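Structure first, commentary second.
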Amino acid sequence: MIKRRMATVVAAGIAVTALTAGLAGCSSGGSDDGGDGAEGKVYFLNFKPEVAEQWVELAAEYTAETGVQVDVQTAASGTYETTLKSEMAKSDAPTLFQVNGPVGLANWEAYAADISDSSIYSHLKDQSVALTGDDGAVLAVPYVQETYGIIYNKALLEDYFALPDAEITSIDELNNFDALKSVAEGIQANKDELGVDGAFSSAGFDASSDWRFKTHLANIPLYWQFKADGVTGQPATVTNEYLDGYQDIFDLYINNSTTERTLLSGKTMEDSTSEFALGQAVFYQNGTWAYGDVSGNAVADEDLGMMPIYIGAEGEEDSGLATGSENYWVINGDASEADQQATDDFLDWVITSDTGRDTLANTMGFVTPFDTMDDYLPDNPFVLADAEYTAAGKTAVTWNFTVMPSEEWKNNLGQALLQYAQETGSWDDVETAFVDGWATEYELANG
Amino acid sequence: MKKSLRRWGWLFTGPVLAAFMIGFIVPFVLGVYLSFTEFRTVTKAEWVGFDNYIKMWGDDVFLHSLWYTAAFAIVTTILINVLAFIVAYLLVKTFRGKNIFRSVFFMPNLIGGIVLGYIWLLLLNGILGFWARSITYDESYGFWGMVILMCWQQIGYMMVIYIAGLQSVPTELLEAAEVDGANKRRTLFSVTIPLVMPAITVCTFLTITNGFKMFDQNLALTNGAPSRLSELLALNIFNTFYGRPGFEGVGQAKAVVFLIIVAGIALFQNWYARSKETAA
């Protein structure tokens, strides 16, 4: 009898333990914040994998200094939206997250707090760069200015200029599409003599690489069209007026490349970066953020240059590099008051303290739009190239890809470009994806 | 015994039932509910009725992936079962190193789908490189790439089930067939196959549903490229849900339709195959 009771008790004990363990596992997210909930805590979901570790270190320093808990998570490349979507549904949602511009903000507007009283907004040099909601509330503040263009290897380019049949003999003459075409084709024709595999590194169309063409390169014809038509904001439709230029530059990329066009679909960002970093290609389309990836290899820092992307538009000699921001901070309005305040304080510390400013500028290599950062300018050669173009009176090309109607639009364009490149599709399909796709996607998002 | 079961049974079924509720029933009901709503995160949803189901049929990529997946499931089901049966048929015979062969064939199952996908991506791209192509060059490359991967991974698993089935065929029946003068071929088709029908039922069920459900291998091998033409249903649903803001509900509706299709086919297959089973 006693034996049987013992067995029952033991069994009940096991079952209860199993049940409570299971339930505790489900609720641990909510019950954690009891201790330090009073002063609030910060959870930053970071978009830029290239500075993931630096953010974690910076957060740890802040915690050491103030005792406020700061967690930083970084989504893997290309999975930010996915991660954000699942993180935001949790009880411990990010208190700070990122959007990539007005279109990105539209998706998350319901979660964005009004930050017009925040430190980061008050320190903006130009407050018009912040994104606002319909009622004028400030919802998102950009924290990094970036620049992209065609990165080139000065040493290899000089080798080409020294060739007897070079039509262009100085980087100063290389300021329009025809000059670029002549140089690229010249390099391709003399690639053995110059010791390279091609003029351009591979225009890869793997998901890790194709954003350079469906987003950044597509921005150039958009920029010229918007400039010609005086478009500001997000238009409902676009024209194909500058798409011939888009085709020209894209043809240049794929015809004078290290890579056969039929192999483009499998080429990754790493392939393209390493081809340039190892001196196998002279040109490489990318931006200031690529500095960390290409430096320290075959190309010396003083040989790294960046020039605007030319497509044969009128007046492009006077244009500079494409500069803008795709990184906006948004504070989660659904987070508790204490957490929102803690997040605001953390960001204030990031842009005003010596540690924060030093990390932003020198470790992460960011150019920021805040007035507190004037003494902190990075020594990234691509950032310096941008400063030189600005100093020479060139007009920076704006980032209009933040108004592209949807990810779907970009993806369809990217796939049409790939089909065109590997000759399984035509340029007409690219134009359809660009022009008709814009109208359709705009309608879907705003209709 | 019966009394104490009734009294204490809940202690043992309770945890499992709770886990089943949390892990299956609740997400399932919530999922069906969400397919009638518009939402960004699953905690904030707005009722929109059948809108998502109507939108879904206007999606050409979805319709393409529907028949692409069906074709994939049919091809892999046939290939895997035929090949797995042949391998099993060879490996029930007694010869040296039989167990080593069985282990080797089973081994691909121990590797996860994503890893397999990346390994096969390297292998296939390496081979296609001779013709200056890559696996994502064309949808048919991706299709056959995935078929090869799937076969490689699953033949060993199905082989194990077939071996068990073949070993349970009573030897006296085979001997009787031999005495009656039936040749090997006749014995195989008239005696062995009808008797291993239960194994065939199980294996075809597994391969059909695996074919429809395949996700990670697809993601790692082609990720839907080019032009989302090699996107199987599961990946299409994932991309709709996570890749298109504003289409989360549509993704959810696709998932419900997907569930109905797979459940329908699996039930039909099970009923049909069972009707062919014979007792020894």
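The values are calculated or read from the model by the stated rules, or taken from the named source; none is laboratory data. Remember, it's a predicted structure, so these values are computed and weren't measured experimentally. As a convention, Cβ positions derive from the backbone with ideal geometry for all residues, glycine included, and neighbour counts pool all protein chains shown. Surface areas here come from the heavy atoms of the whole protein model, side chains and all, with no ligands, DNA or RNA. Shrake-Rupley method; radii C 1.70, N 1.55, O 1.52, S 1.80 Å.
Brief remarks on what is shown
- Remark: pairs (first residue in the range B:178-204, more than 12 Å from B:N81 (Cα to Cα); second residue open to solvent by 30 Å² or more (accessible area, probe 1.4 Å) and assigned to a helix (DSSP H, G or I); Cβ separation under 6 Å; 6+ apart in sequence or on different chains) = B:V191/B:L173.
- Filter pass, A:W349 being crowded, with 18+ Cβ neighbours inside 10 Å, over 23 Å from the mean Cα position of the chain (by Cα) and touching a residue at least 40 places away in the same chain (Cβ under 8 Å): yes
- Among the residues of the range A:333-343, the ones that are touching a strand residue (DSSP E or B) at 6+ places or on another chain (Cβ under 8 Å) and either crowded, with 22+ Cβ neighbours inside 10 Å or among the hydrophobic types (A, V, I, L, M, F, W, C) (or both) come to 3 in all.
- Looking only at residues of the range B:114-161 that are open to solvent by 60 Å² or more (accessible area, probe 1.4 Å) and away from chain A (no Cβ under 14 Å), we find that the one that is farthest from B:M214 (Cα to Cα) is B:V160.
- Condition met for A:L243 (among the hydrophobic types (A, V, I, L, M, F, W, C), over 22 Å from A:P381 (Cβ atoms) and buried (at least 22 other Cβ atoms within 10 Å of the Cβ)): no
- Residue that is farthest from the other protein chains (Cβ to nearest Cβ), among those in the range B:214-233 that are out of contact with any Phe, Trp or Tyr (no Cβ under 9 Å at 6 or more places or on another chain) and open to solvent by 10 Å² or more (accessible area, probe 1.4 Å): B:D216
- If you go through the range B:233-280 and keep only what is closer than 29 Å to B:V42 by Cα and not in a helix (DSSP H, G or I), you end up with B:R244, B:P245, B:G246, B:F247.
- Extreme residue, nearest to the chain's Cα centre (by Cα), among residues of the range B:173-189 that are outside any loop (DSSP other than H, G, I, E, B) and loosely packed, with under 12 Cβ neighbours inside 10 Å: B:F189
- Out of A:Y152, A:Y121, one residue alone is of a type in the set (F, W, Y) and out of contact with any Phe, Trp or Tyr (no Cβ under 7 Å at 6 or more places or on another chain). It is A:Y121.
- Contact map, the range A:96-112: residues that are at positive phi paired with residues that are part of a helix (DSSP H, G or I) and open to solvent by 10 Å² or more (accessible area, probe 1.4 Å), Cβ distance under 6 Å, separation 6+ or inter-chain. Pairs shown: A:G101/A:T402.
- Summed over the range A:156-172, the residues that are of a type in the set (V, I, T) and in contact (Cβ under 8 Å) with a residue 40 or more places away in the chain give a count of 1.
- Test: residue in the range B:36-54 that is farther than 23 Å from A:S91 by Cβ, within 14 Å of another protein chain (Cβ to nearest Cβ) and surrounded by fewer than 14 Cβ atoms within 10 Å (Cβ to Cβ): yes
- In the set A:V282, A:V196, A:V294, only one residue is out of contact with any Phe, Trp or Tyr (no Cβ under 8 Å at 6 or more places or on another chain), more than 14 Å from chain B (Cβ to nearest Cβ) and buried (at least 21 other Cβ atoms within 10 Å of the Cβ); that residue is A:V196.
- Residues (within 11 Å of chain B (Cβ to nearest Cβ), surrounded by 16 or more Cβ atoms within 10 Å (Cβ to Cβ) and within 20 Å of A:F401 (Cα to Cα)) located in the range A:75-99: A:Y80, A:E81, A:V99
- Qualifying positions in the range A:408-440 - of a type in the set (D, E, K, R) and either more than 24 Å from the chain's Cα centre (by Cα) or surrounded by fewer than 21 Cβ atoms within 10 Å (Cβ to Cβ) (or both): A:E423, A:D428, A:D429, A:E431, A:D436
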